[in-house]
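Peer 1: Please see the structure below; I have some questions.
The values are calculated or read from the model by the stated rules, or taken from the named source; none is laboratory data. The structure presented is a predicted model; accordingly, all values stated were derived computationally and were not measured. When we count neighbours, we look across all protein chains shown, and the Cβ atoms used for this are built from the backbone with ideal geometry, even at glycine.
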């Protein structure tokens, strides 16, 4: 019976060790996902700016304004849609640039992005 207790203690220690490793890996996985999203958002902002589109034009493109569609249940104000898109893009850009600066610049470097 003493051998079983030793084996049980060993297994419990291994379990605790694996549990800590898994928690650390999950945390890192979430951080990687956040960074990927921020970089994707930054890429989208760059593409939109490269096309020279206004936020209103982008909203029209995204919403498929050129395609016939069913009338919306609630009438939307195009200015509100453009403002919302502007806020979302600005927020994504701010997060992406902050993450980029944090991850890629050494102490004392200044990023002019």
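Peer 1: Of the residues in segment 19-53, how many are farther than 10 Å from residue 96 by Cβ and in a helix (DSSP H, G or I)?
Peer 2: Adding up the residues that qualify gives 22.
Peer 1: Something else about it: So residue 81 clears everything in (1) in contact with a helix residue (DSSP H, G or I) (Cβ under 8 Å, 6 or more places away or on another chain); (2) modelled with pLDDT under 85; (3) under 30 Å from residue 103 (Cβ atoms) except one condition, right? Which one?
Peer 2: It fails just one condition, (3).
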